[in-house]
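What follows is a short report on a single structure.
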Amino acid sequence: MGAGLAMNRNMGALGRRSIVLCALALLAGCGSEQQRNGLFEIGRSVTRLVGDAGARSGVLGAENLTATDAQLRRSGRPLIKVTRADLGLGAALSMADNKGSAVIWRSADGNTVTLFNGLLIATRGFGNDLASAKVPSVRAGTGDVLREHYYLGGDEVMRRHAFFCDFRDGGRQALNLLGVTFDTDLVVETCTGDIDSFENRYWFNDQGGILKSVQWASPEIGALVIEYVPRDAGAAPFIQQARGPDGVVVISGSLD
Amino acid sequence: MMNFYGVTGTIDTPSALSQPDGQLSTTVSHFAGMTRTTLTFQILPRVEGSFRYIKSADLNFGGFRDYYDRSFDISLRIFNETRYFPAVKIGLQDFIGTGLWSAEYIVATKSFGDRVTVTGGLGWGRLATANDLGSPFGARPASVVGKTGGTANYNQWFRGPAAPFAGVSFRATDKLTLLAEYSSDAYLAETGNIARPTSAILDRKSSLNFGVNYRINSAVDVGAYYMYGSTLGLNVNVSLNPYNPPVRGSSGLAPQPVTLRPGRAQNAAAWEKEWALDGDSNARLLAALHRQLEPQGIIVDSLSASADAVQVRVRTGQYDNGAQMLGRVMRSLTAVMPASVETFRIVPVVNGLAASTVTVRRSDIEALEHSPDGEAQLLAVTGFSAAPGRPGPGAALNSDFFPRFTWSLGPYIRQSYFDPQNPFRIETGARLSAAYEPMPGFVLSGSVTKRAYGNIHTSTRIPSSKLPPVRTSTLYYDRQGDPTLERLTAAYYFQPGTNLYGRVTVGYLERMFGGVSAEVLWRPVGSRLALGGELNYARQRAFDGGFGFRDYDVVTGHVSAYYQMKNGFHAQLDVGQYLAGDVGATLGIDREFRNGWKVGAFATMTDVSASDFGEGSFDKGIRVSIPVAWFLGTPNTYKLGTTLRPITRDGGARLSVEGRLYERVRQYHRPTLEDKWGRVWQ
């Protein structure tokens with residue numbers, strides 16, 4: 001399995017890989033658009049991989065955010081800023097779909113996170129994604145609440161992982177959200193489960209909307225810091241929010 | 001831990017431990033002029049199988065200066081380790097080879113804590129050449145090493161003297177393991193102590209071996225050993241496990257969101273059905289869907305919509321996972337189809353051949369997009385049925401796509417294994433291929449290669465055969481055929497009836513044969529059983545790779561039965577007449593993982609006698625195929641893989657025609673789609 005083994009070895013050493021891949025890229029050849037075959041496609045994929053490895057470090061898949069907080073606030077459209085807690089690299093995601101409670105946010109390079117009333121229920125395109133989730137409602141003082149996450153295993157079987165979570169009051173906090181200060185109530189969720197344990201944090205504004213959160217996605221992705229970008233409208237920044245039929249306030253989720 | 005034979009063991013002896021299920025390991029080890037390259041697969045949690053190639057440099061045995069040997073091993077763990085009792089394994093080494101390396105063993109291993117293992121075993125054959133205890137099961141019949149080989153030497157198993165061996169391992173740190181063993185292999189041939197003349201390549205001063213193994217990462221470990229009191233040995237192992245991909249799930253572009261229809265009460269106009277009366281509606285909808293799907297690597301062949309249902313034929317050159325492609329099509333249909341269309345019938349097409357119909361209700365897609373465990377819920381409400389014979393009434397054909405001409409110029413690689421002068425030969429160069437598809441199902445295609453570098457054609461091993469040289473003449477094609485016309489065919493794929501698939505291919509079918517090939521396959525969409533038949537008239541092509549022919553021709557064909565087992569194993573039995581005119585049957589067993597990894601073995605027995613067949617006695621081999629998508633984490637249909645035959649002879653040879661139906665059609669049938677369904681929302 002000559003080609004296969006050559007490939008495996010290349011997975012390890014990036015330096016050597018680049019050389020092999022550049023050679024492959026030269027060999028990758030050309031063809032009509034639809035023709036995707038053999039070494040041609042490997043060459044392309046792998047060149048892309050190497051290019052990516054240089055340009056970014058696999059946050060969200062997106063390039064690290066270069067826009068300043070002020071620029072984001074002035075964008076004039078609903079945005080969230082998502083940062084991978086372990087890498088400290090972030091991206092601005094724009095709204096791709098809004099079904100009221102469930103909102104899909106998409107990064108420039110096509111990865112998405114899905115928030116249900118502000119709670120993370122899915123990621124796509126990261127790899128090792130959170131496929132789906134059944135999340136509890138965030139209420140300080142409740143304990144032993146069930147949270148269910150679904151992950152696709154290496155064997156391609158979708159598996160349910162249960163977590164038991166406690167919510168406690170984290171107190172009143174002045175939250176700096178991309179340069180704008182808000183008064184918030186912090187709720188801290190502590191979860192233990194069979195594959196991992198984690199702590200999520202939610203900062204609520206006075207209307208009950210989640211302005212910022214730190215939510216755990218999967219063992220490999222770790223926690224995502226999710227911040228709604230307040231929008232500069234004239235002088236005063238504002239948070240676009242709406243109250244759904246279930247009484248939950250959804251930030252940036254206009255329910256028209 | 002892989003030993004010098006590339007099987008689970010201590011240093012040069014086996015142990016009763018096993019690799020994780022599905023593990024595929026390649027081990028290269030070297031000491032005293034002996035280089036062993038072994039491919040080992042953990043076939044089942046308790047069964048380990050290996051294929052090995054050994055070079056004994058300067059052994060001067062059997063008329064060869066460097067002696068090369070191929071061997072197969074198999075072992076079975078009969079007892080798992082318990083608190084008080086060790087794991088016990090029984091194994092056969094080189095059990096259908098020429099027999100120089102033949103041995104059998106029963107071995108037990110007990111672990112103490114998570115750092116120490118102790119192994120003790122009893123070996124026969126080669127593993128009983130030092131300090132034996134006598135022959136418990138009678139004398140071992142003499143073998144004739146180096147003759148035709150290839151038949152199971154079962155009359156020798158566990159016969160003759162038996163000798164004990166032992167080993168101990170200590171995992172000092174997570175990365176470093178110390179090993180010591182007592183070997184019962186005297187290396188008689190390698191020390192010049194057998195009746196037939198050999199040159200001594202090993203000075204065996206001791207039965208004890210010592211060494212260290214260092215684990216570089218989860219895939220690679222290396223070892224250095226002091227062997228038999230006289231020489232240094234090295235060992236490198238690369239192991240991959242299909243269950244541990246670099247990335248789980250897809251890391252490509254996220255799918256498009258499902259688009260909801262407006263409420264019927266709020267916007268009654270959007271739900272009206274008049275649009276369906278418009279004669280252009282199919283063409284308009286197809287164009288809109290094409291715009292959505294084409295950037296994602298999915299081509300819409302045709303579309304036929306009525307007021308409340310749509311049938312759409314789609315194909316992909318990108319998604320190795322059929323469910324993922326179907327999910328993307330469903331999502332895009334919600335964005336494109338008018339609100340009144342409630343039923344989506346998606347017909348995946350392979351080579352212009354409709355494989356099945358997957359039916360989903362739009363309301364279900366809308367309701368389940370964000371549901372926890374939405375994959376299982378969607379599967380429960382998805383229908384799988386036979387592919388319709390032709391596109392629906394008034395279907396619009398994708399005029400952006402048909403007639404379609406595609407071409408590519410890229411590299412190719414050819415390998416040749418086990419030539420004693422150079423066991424791994426390779427050739428690379430440029431391949432120009434083109435295909436023209438005037439209408440779905442009718443494909444004219446061909447390819448030409450030009451060598452840039454290679455040493456396959458420089459081999460001087462002139463093959464001789466008692467059969468028509470249908471495959472042993474490969475070397476002449478390698479030598480004389482450059483540039484070569486690999487293929488030039490016209491192929492027509494069609495559906496002769498419900499659950500039936502057909503193919504007719506005419507032209508230069510492969511590098512060595514041209515002719516006519518016709519195939520028919522029966523497989524209901526939900527069935528695990530398929531039956532097929534293939535009939536070919538083939539004429540041997542000229543060695544120069546041009547348009548000419550030689551004067552050998554043959555009618556060859558098979559009836560085939562295929563069975564897809566629930567545990568991922570696939571069996572295929574072909575019975576018929578082979579290229580050299582011999583009559584017989586081929587049995588192939590493959591284990592296919594849900595992510596597309598495939599490891600299998602096959603054997604063909606025909607009416608050609610072992611002596612007429614020549615070295616190897618009958619055609620057999622193993623095959624490995626690993627999807628590139630597994631490495632990259634992004635959708636990709638290309639696979640890395642190869643078929644390894646210990647030796648290629650003329651008996652039991654099959655025509656290598658492109659577009660065989662079973663593997664293609666099966667990808668979109670219910671059993672396979674269910675296995676892949678975890679990615680339907682990805």
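Ignoring any ligand, DNA or RNA, what whole percent of the accessible area of the stretch B:24-240 comes from carbon and sulfur when the probe is 1.4 angstrom? Mind dumping the intermediate values first?
Details: 5960 of 9390 Å².
The computed percentage sits at 63.
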* Let me know the longest stretch in chain B that avoids all chymotrypsin sites (Phe, Trp or Tyr not before Pro) found in a DSSP loop with at most 14 other C-beta atoms within 10 Å. => B:138-546
* Asked: Of A:LYS81/B:LYS639; B:LYS466/B:LYS639; A:LYS81/A:LYS134; B:LYS89/B:LYS175; B:LYS89/B:LYS676; B:LYS55/B:LYS89, which sit over 29 Å apart, Cα to Cα?
  -> A:LYS81/B:LYS639; B:LYS466/B:LYS639; B:LYS89/B:LYS676
* Tail fraction, Cα-Cα pairs, the stretch B:96-222, threshold 26 Å, whole percent -> 35 percent
* Which three extents, in whole angstrom, do the alpha-carbon atoms of the protein assembly as shown cover along their principal axes, largest first? -> 98, 66, 45
* Semi-axis lengths, Å, the stretch B:317-372, gyration tensor of Cα atoms, sqrt of 5 times eigenvalues -> 21, 14, 10
* Asked: To the nearest 500 deg cm²/dmol, what mean residue ellipticity at 222 nm is calculated for chain B from DSSP H runs of n ≥ 4 alone, each contributing -39,500 (n - 2.57), summed and divided by the residues?
  -> -3000 deg cm²/dmol
* Asked: Considering every residue in A:97-108, what mean count of other chain Cβ atoms within 10 Å of its Cβ is obtained?
  -> 3
* Asked: Can you tell me the accessible area per residue over chain B, all protein chains present, probe 1.4 angstrom, in square angstrom?
  -> 39 Å²
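Treating the beta-carbon of each Lys and Arg as +1 and of each Asp and Glu as -1, no other charges, what is the dipole magnitude of the stretch B:24-240 about its Cα centre, to the nearest 20 debye? The partial results should precede the final answer.
Values: 21 positive and 16 negative charges, 41 e Å.
Approximately 200 debye in magnitude.
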* Interface A/B, total buried accessible area with a 1.4 Å probe, nearest 100 Å²? -> 4900 Å²
* At a 1.4 Å probe radius, carbon and sulfur cover how many percent of the accessible area of the stretch B:268-401? -> 50 percent
* For B:238-247, what's the mean count of beta carbons from other chains sitting within 10 Å of each residue's beta carbon? -> 4
* Simple Cβ-charge dipole of the stretch B:196-328, Lys/Arg +1 and Asp/Glu -1, about Cα centre, in debye nearest 20 -> 600 debye
* What is the calculated FRET efficiency for B:VAL559 to B:GLN266, with r their C-beta to C-beta distance and R₀ = 60 Å, to the nearest 0.05? -> 0.50
* Please report the base-10 log of the normalised intensity I(q)/I(0) for the stretch B:1-120, using a Debye sum with one equal scatterer per alpha carbon and no solvent, at each q in 0.18, 0.22 (1/Å). => -0.90, -1.23
* **Reference-scaled alpha-carbon Rg (2.2 N^0.38 Å with N residues) for the stretch B:495-615** => 1.23
* **Dipole of chain B, positive direction: furthest Cα of B:GLY507, B:GLN19, B:GLY454, with charges on the beta-carbon** => B:GLN19
* **Segment A:ALA85-A:ASP206, length gained on full extension (0.36 nm per residue, minus Cα span)** => 41.0 nm
* Cα convex hull volume per residue for the stretch B:268-401 (Å³) -> 106 Å³
* Structure fact -> Restricting to Cα pairs under 8 Å and 6 or more apart, the percent relative contact order of the stretch B:278-368 works out to 24 percent
* Of B:TYR563, B:VAL575, B:ILE647, farthest towards positive along the dipole that unit charges on Lys, Arg, Asp, Glu beta carbons give the stretch B:540-682 -> B:TYR563
* **Cα-Cα P(r), the stretch B:24-240, percent of pairs per 5 Å interval** => 1, 7, 12, 17, 23, 19, 12, 6, 2, 0, 0
* Taking one equal scatterer on every alpha-carbon of chain B, how large is log10 of I(q)/I(0) by Debye at q = 0.09, 0.11, 0.12 1/Å? -> -0.88, -1.19, -1.32
* To do: Give a residue-ordered list of calculated ³J(HN,Hα) values for the stretch B:132-142 (Karplus: 6.51 cos²θ - 1.76 cosθ + 1.60, θ = phi - 60°; whole Hz; x for Gly, Pro).
  => 7, 9, x, 10, x, 10, x, 6, 8, x, 5
* Among B:GLY678, B:LEU521, A:ALA92, flag the residue with its Cα farthest along the positive direction of the charge dipole of the protein assembly as shown, charges on Cβ as +1 for Lys/Arg and -1 for Asp/Glu. => B:LEU521
* Calculate, in nm to one decimal, what B:LEU232 and B:ARG461 gain on full extension: separation in residues at 0.36 nm each, minus their alpha carbon distance. => 79.1 nm
* Take the alpha carbon atoms of the stretch B:618-682, find their radius of gyration, then divide it by 2.2 N^0.38 Å using N residues; give the quotient. => 1.47
* For the stretch B:153-190 versus the stretch A:154-180, the gap between their alpha-carbon centres in whole angstrom -> 53 Å
* Structure fact -> What the 5 Å binned alpha carbon P(r) of the stretch B:369-443 shows, as percent of pairs per bin from 0, is 3, 10, 10, 8, 9, 10, 11, 12, 12, 9, 5, 2, 0
* Take every residue in peptide B:401-410, count the Cβ atoms of other chains within 10 Å of its Cβ, and give the average of those counts. => 5
* For the stretch B:539-682, what class follows from the C-alpha gyration tensor (a ≥ b ≥ c being the square roots of its eigenvalues): rounded when a/c is under 1.5, otherwise prolate if a/b is larger than b/c, else oblate? -> prolate
* Global geometry of the stretch A:97-193, whether rounded, prolate or oblate, following the gyration tensor of its Cα atoms and the 1.5 cut on a/c -> oblate
* Asked: Roughly how many Å is it from the Cα centre of the stretch B:363-411 to that of the stretch B:79-104, as a whole number?
  -> 49 Å
* Structure fact -> One point scatterer per Cα, no solvent, Debye formula: log10 I(q)/I(0) for the stretch B:197-277 at q = 0.13, 0.19 Å⁻¹ comes out as -0.75, -0.98
* Whole-number percent relative contact order across chain B, with pairs defined as alpha carbons under 8 Å at least 6 apart -> 9 percent
* Asked: What fraction of the Cα pairs in the stretch B:1-57, stated in percent, has a spacing above 13 angstrom?
  -> 56 percent
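The values are calculated or read from the model by the stated rules, or taken from the named source; none is laboratory data. Since we're looking at a predicted model, the values are computed, not measured. All Cβ positions, even for glycine, are placed from backbone atoms using ideal geometry, and neighbour counts span all protein chains on display. Note: areas computed on protein heavy atoms with side chains; ligands, DNA, RNA excluded. Shrake-Rupley method; radii C 1.70, N 1.55, O 1.52, S 1.80 Å.
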